[in-house]
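Notes for the one structure printed next.
Each reported figure results from applying straightforward, stated rules to the coordinates on display, with no laboratory input. None of these values were measured; they are calculated from a predicted model. Note: ideal-geometry Cβ built from the backbone for every residue, glycine included; neighbour counts use all protein chains shown.
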Amino acid sequence: MYKTTGFLSFALRRFTGVALVMYLLLHIWVIGSSLDSPEAFNERLNFLQSDLFKVLEIALLAAVIYHAFDGVRLLLVNWFKITEKRKNLFYSVMVISALLVIAGGVPILLFMLEGK
Amino acid sequence: MSENTTQKKAVVRIQRFNPEKDKKPYFQEFNLTYTRDTTLLDALHEIKSHQDGTLTYRRSCRHAICGSCAMNVNGKNMLVCNSPLQEHLTRKSVVTIRPLPYLPVIKDLVVDRTKFWEQYLRVKPWLISAGDDPEKEYRVSPDEVAALNTAETCIMCGACYSACTVVGTSENYIGPHALLKSFLRVLDPRDVGASERLQEVGTSEGVYRCHTIFNCIDACPKNLDPTKAIETLRNLAVKRLAFEEAKKKRYQTIRLKVE
């Protein structure tokens with residue numbers, strides 16, 4: 001295996017992409033139950049109110065943000081042919097993603113703690 | 001004693017594999033002394049000449065131009081003939097040398113490059129002329145020459161090919177080395193085979209298989225940029241017919257200037 005920042009970004013992109021597909025299946029499982037009955041929908045929604053899923057929500061947020069910004073990074077490189085900036089852009093994506101995950105994750109954590 | 005002749009000690013870890021004896025590759029350590037001017041290839045020569053004559057590796061020109069001695073040093077592909085040993089030593093004075101990744105190992109540091117050359121031939125890396133070549137040379141513009149220079153200095157060492165994650169996962173991928181050569185010929189105003197070249201590379205085995213991981217750029221010992229070439233080929237493959245027309249006109253221009 002050839003490990004570089006490019007490989008790391010590729011691996012993260014793949015991993016978050018698969019994770020988002022998994023999330024979509026879960027999402028359809030919950031929303032799909034609303035076609036059965038209000039009780040079935042509430043039951044599945046309650047299942048997702050646990051602390052574990054609150055933490056996973058932060059992970060979901062991180063996956064969405066990284067996947068989106070890494071895609072934008074590739075578009076910028078492809079469009080403007082700025083391959084020489086590839087590492088700077090990757091580090092920028094990581095910093096932006098980290099800041100946004102903190103900005104979005106802290107309220108989720110506070111909401112989770114308030115509920116206790 | 002001057003600085004460049006001061007002798008220091010180093011440990012060279014080499015991945016060994018003899019298919020006739022070994023079930024799987026293993027690492028062997030060799031102790032040697034080096035000076036400031038010792039290259040990694042010098043170290044391999046030292047080991048082969050004085051410690052273990054069975055050590056097998058490729059090398060030829062020792063001037064970073066033949067591309068024979070590309071190897072994986074501390075996880076990075078490079079030419080060992082122009083890489084100083086001391087620059088690649090860890091704090092414990094150890095350097096690890098492996099064969100190029102993603103390629104079948106024939107013995108020790110020698111890999112089987114059959115697939116590499118097969119993919120290279122797929123893109124017809126030679127110039128396809130119109131058949132009415134003039135006796136004088138063509139006069140192409142400085143901009144065109146500058147564009148071609150970004151690909152022309154490739155020495156076919158295989159560092160980019162074996163660094164590419166897609167090569168490791170997709171057997172039929174043409175590879176950055178061949179796509180760079182295709183880029184060279186497609187942009188060459190003297191070449192008249194742009195259309196068939198773009199049809200060959202504009203597929204899921206060509207430019208659309210690249211995941212823009214950039215390993216090829218990081219690995220290239222000549223500082224070339226195969227990723228940028230692949231991006232250019234992607235754009236040209238989309239507008240192939242228009243590009244073909246523009247190229248025909250350009251060829252007529254340079255052809256007329258010769259006469």
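Data for the structure
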item: In the stretch B:141-222, GluC sites (Glu not before Pro) in a DSSP loop with at most 15 other beta-carbon atoms within 10 Å; result: B:171
item: Unit charges at the beta carbon, dipole of chain B: most positive-side option, B:226, B:90, B:126; result: B:90
item: Sequence ranges B:10-18, B:30-38, ranked by mean other-Cβ count within 10 angstrom, highest first; result: B:10-18, B:30-38
item: Gap separating the Cα centres of the stretch A:1-76 and the stretch B:52-79, nearest whole Å; result: 45 Å
item: Over 29 Å between alpha carbons, listed pairs B:92/B:115; B:124/B:222; A:54/A:81; B:92/B:181; A:85/B:247; result: B:92/B:115; A:54/A:81; B:92/B:181; A:85/B:247
item: Size of charge dipole - chain A - debye, nearest 20, with Cβ of Lys, Arg +1 and Asp, Glu -1, no other charges; result: 840 debye
item: Residues whose placed amide H lies under 5 Å from that of residue B:16, excluding near-sequence neighbours; result: B:26, B:27, B:28
item: Most mobile of B:190, B:234, B:58 in a GNM of chain B (Cα contacts under 10 Å); result: B:58
item: Computed magnitude of the charge dipole of the stretch B:140-229 (debye, nearest 20; Cβ of K, R +1, Cβ of D, E -1); result: 100 debye
item: Charged-residue dipole, Cβ positions (Lys, Arg, Asp, Glu), chain B about Cα centre, Debye nearest 20; result: 480 debye
item: Long-range amide H partners of residue B:94 with built H, under 5 Å; result: B:11
item: Sparse-neighbour loop sites [chymotrypsin sites (Phe, Trp or Tyr not before Pro); the stretch B:114-201; at most 11 other C-beta within 10 Å; DSSP]; result: B:126
item: In Hz, Karplus ³J(HN,Hα) per residue of the stretch B:203-219 (6.51, -1.76, 1.60; θ = phi - 60°; x = Gly, Pro); result: 10, 6, 9, x, 5, 7, 8, 5, 9, 6, 8, 6, 4, 4, 5, 4, 7
item: Residue-averaged beta-carbon neighbours from other chains (10 angstrom radius) around B:223-235; result: 2
item: Karplus-derived HN-Hα couplings along the stretch B:130-137 (A = 6.51, B = -1.76, C = 1.60, θ = phi - 60°), whole Hz, x at Gly and Pro; result: 6, x, 10, 4, x, 7, 8, 7
item: Of the DSSP H helices in chain A, those whose Cα atoms cover at least 30 Å axially and whose Kyte score averages 0.0 or more; result: A:5-32, A:51-80, A:86-114
item: Residue among A:35, A:12, A:89 with the largest mean-square fluctuation in a Gaussian network model of chain A, springs linking Cα atoms under 10 Å; result: A:35
item: Under 5 Å, built H, 5+ apart or other chain: amide partners of residue B:56; result: B:109
item: Residue mean of other protein chain beta carbons inside 10 Å, A:3-9; result: 6
item: Proximal lysines relative to residue B:48, as straight alpha-carbon distance under 22 Å, when same-chain residues fewer than 8 apart are discounted; result: B:8, B:9, B:21, B:24, B:107
item: ³J(HN,Hα), Karplus 6.51/-1.76/1.60, whole Hz, each residue of the stretch B:17-26, x for Gly, Pro; result: 6, 10, x, 7, 10, 9, 7, 8, x, 9
